[in-house]
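The values are calculated or read from the model by the stated rules, or taken from the named source; none is laboratory data. Computed from a predicted model, the values in this text were never measured in an experiment. Neighbour counts are summed over all protein chains in view; Cβ atoms, including those assigned to glycine, are modelled from backbone coordinates with ideal geometry.
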Amino acid sequence: MYLKSLEINGFKSFAKKGFLEFKTPITSIVGPNGSGKSNVAEAFRFVLGEQSIKSMRGKRGEDLIFNGSNEVPKMSRASVKVVFDNSTRFLDIDFDDVEIQRVVHRDGSNEYHINGTLVRLKDITELLAKANIGSTGHHIISQGEADRILSANPKDRKSMIEDALGLRVYQYKITESEKKQKKTSENIREVELLRKEIAPHLRFLQKQVEKIEKARELRDELKEMYQEYLKRESVYLEYEEKNIGEKKHIPVERLKVLDAELVQATSQLEESVGGDEKSAELLSLERELRDARTEKDTLLRELGRIEGEISSQERGLVRQKEHFADGKPIPFSELQQFSEKIRQQIDTVESTDDMSIIKQVLKMVRDNFSNFVRNFQDAEEDSLVKEIEDEIKELQTKKHTLELSRGSLIEKEISLNGRYDVLQQEIEKEKDSSREAETSVFRIRAERNEVLSVLSQLQYRETVFLKDKDAFSEELKEGGVLIGLEITSFKEYVILGDTGEQITNEILLSEEREKQEERRRKIEKSKIRLEDMGGGSSDEVMKEFQDVTEREAYLLRELEDLKNTEESLSDLISDLIIQLDTEFKAGISKINKEFQNYFSLMFGGGTASLSVVRAVKRRRSDLGGLDEGSVLDMEEEEGEDGIEITVSLPRKKVKSLMILSGGERALTSIALLFAMSQVTPPPFIILDETDAALDEANSRKYGDMIENLSAHSQLILITHNRETMSRAGILYGVTMGSGGISKLLSVELDEAVVVAK
């Protein structure tokens, strides 16, 4: 026996706690009409999770709570507690005794407990469904509901029989699977919407990443060009610095010696000549020539410096002009103002249908775009370009002035040299005692001029070297900004020839400087392209692209999982439907066998059976439209499966349920209910005055069937029938006093019989 006890407190007429213990297979509950004995059956419905207040003869939740009387005030809550013996684990919970309690409050709120733990209604429903127990169904038949299975339509009758066969768990699984499938479909739509939302941003980031990748490739190419250029330039500068130093050392030392000899020879000449005018003139010319050459050398160095500045400014000018090759760049603030202006013009026509106004605004938008593009397309170059050009012009003016001064000095030097040569010839003609000193001065003077000429060439070469060295340092700084510290590895860079062999420094130095200048121009162009592409830091863009890509990959995996889940749920639902149909048909076959046995027993013969039918729905179709004279036709559509009951009474030609008498319907419904209970016996069955319409002879048959049925299920019988009472082991009497409160009395009939004897 599974059912141990039932405790009622505050439920309907049970104002005081009532306790029913079920120790025998059959328990009867008796009492006069209106005493509240049917409230016991409704208490079972209540505690097992019934949600229809109407089926418990109420309208609101508070109707189930004792409403008070003259003797006892109304109660604030009602509770019902049922205890099951779970030693066989027919309930899927690891307790020997399972206590289920439901409490309802005046505000309509409900509480559910399992062994004192607060749970959900869903938890109780799932627990009981696996044991073929429910708040409604074939095992709780209240007064007046015995005939319900006969009166129900085929579809509802099928549902009742599924409950009786214990197939509710399949229905529950199908319903839950359909809910999950619907939720999964909603999740699929949400994931697809999320993918659509991030798709434009992902495409934008993809373009940015492609741009970054191109910038990286260009940076790698620039690094390669820089390393070769810097390697070649460093070799050239090292050689040039060393070569100039070596070549300059001997002339400088020789010039020092000649200057000393010239001072000594001049002193001797002055002593020998005395106040000779030609000698004095010669010495004066000597000083003027020396001053002229010194000034010329100073101008030459200044010219070299200015030429270096002009070359540097011209490189900067080329870079700026290439920046402006496609027109003037557009400041973001001006672009934002232009966008706001266009938006305002468009907003003015959003709420109008006047085509003339729309065309006028479109013309204004087109003109604004044309003017905006023209303004930046025909714009003059940036003020920085003008500034550089002005500086170049100023330097070129200075260069021109210096070149004029240098030309004047050259002419002066030529004039002085001519006068010097004439005076020298005149002095040579004089064969006096100063001849030897003058010859020495002339020799020293001539050699000194040669040495100064060599030094002048070396100084010009040194000026060019210093300019190239400054340009090298500048390129190294700019390259470090774009390439990073890797640019310093140019010293270890190995330059290879066409056949893969390493090129020596001698071969590098033999190359013409024009080729190195061409490499520098290529580097300048690459630098400009890299700066235009945004050669700065790209870590944030790459990180965001990686995050968005991972998000997209996650959503794609999630979408695949959801689709697989949706497909699995569809397969599961199909399998459950097939299994439900299979077990349902097998159950119908078993019920038919038992139904026939009970029907023959009740009626002394005859036949009774259940059959599965497909309901047919009909709808009207108008073949001729809605005009007068149109023809209406009936179209048939297949509906859902249902159950039909066919009976044949002995000695009567009665086969339709509609023409059965009240007693015959009662016997038929009882036979069917007992047959359903025999196929999948529930732990207990509650019968509320289902025997009310039976006569004495049929009551005995009813009693015999009850005893047979009690071998499989506990029976709680609410009855007035003496024959039915006699089959019970415990008899509970329900009485009601003047206060409207139901009270319980119990008698164990077996002990009473012993006492009576």
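Things worth noting here:
- Among the candidates 580, 569, 559, residue that is among the hydrophobic types (A, V, I, L, M, F, W, C), within 30 Å of residue 642 (Cβ to Cβ) and in contact with a Lys or Arg (Cβ under 8 Å, 6 or more places away or on another chain): 569
- Test set (1) at pLDDT below 80; (2) more than 26 Å from residue 418 (Cβ to Cβ) - residue 296 fails condition number: (2)
- Matching option when the condition is modelled with pLDDT under 75 and of a type in the set (A, V, I, L, M, F, W, C), among 282, 289, 303: 282
- Conditions (1) more than 30 Å from residue 741 (Cα to Cα); (2) touching a residue at least 24 places away in the same chain (Cβ under 8 Å); (3) out of contact with any Gly (no Cβ under 9 Å at 6 or more places or on another chain): number failed by residue 125: (3)
- Only one of the numbered conditions (1) polar (S, T, N, Q); (2) in a helix (DSSP H, G or I); (3) modelled with pLDDT under 75 is not met by residue 433, and that is (2).
- Criterion: farther than 17 Å from residue 733 by Cα and either exposed (fewer than 14 other Cβ atoms within 10 Å of the Cβ) or touching a residue at least 24 places away in the same chain (Cβ under 8 Å) (or both) - qualifying residue of 88, 24: 88
- Strands (runs of 3 or more DSSP E) contained in segment 1-91 and holding at least 1 residues on the phi < 0 side of the Ramachandran plot and among the acidic types (Asp, Glu): 3-9, 18-21, 77-85
- If you check 151, 159 for being at pLDDT 80 or above, closer than 18 Å to residue 691 by Cα and not basic (Lys, Arg), only one passes: 151.
- Meets criteria (in a helix (DSSP H, G or I), surrounded by fewer than 16 Cβ atoms within 10 Å (Cβ to Cβ) and at pLDDT 85 or above) for residue 600: yes
- Tabulated pairs, segment 473-491, first closer than 15 Å to residue 523 by Cα and free of Cβ contacts under 8 Å to residues at least 60 places away in the same chain, second among the β-branched types (Val, Ile, Thr) and part of a helix (DSSP H, G or I), C-beta under 6 angstrom, 6+ apart or interchain: 480/487
- Residues located in segment 647-693, provided they are farther than 24 Å from residue 165 by Cβ and in contact with a Gly (Cβ under 7 Å, 6 or more places away or on another chain): 648, 649, 650, 693
- Lone qualifier among 565, 582 - being part of a helix (DSSP H, G or I) and modelled with pLDDT of 90 or more: 565
- From the list 523, 495, 503, the lone residue that is farther than 30 Å from residue 314 by Cα and either modelled with pLDDT under 75 or not hydroxyl-bearing (Ser, Thr, Tyr) (or both) is 503.
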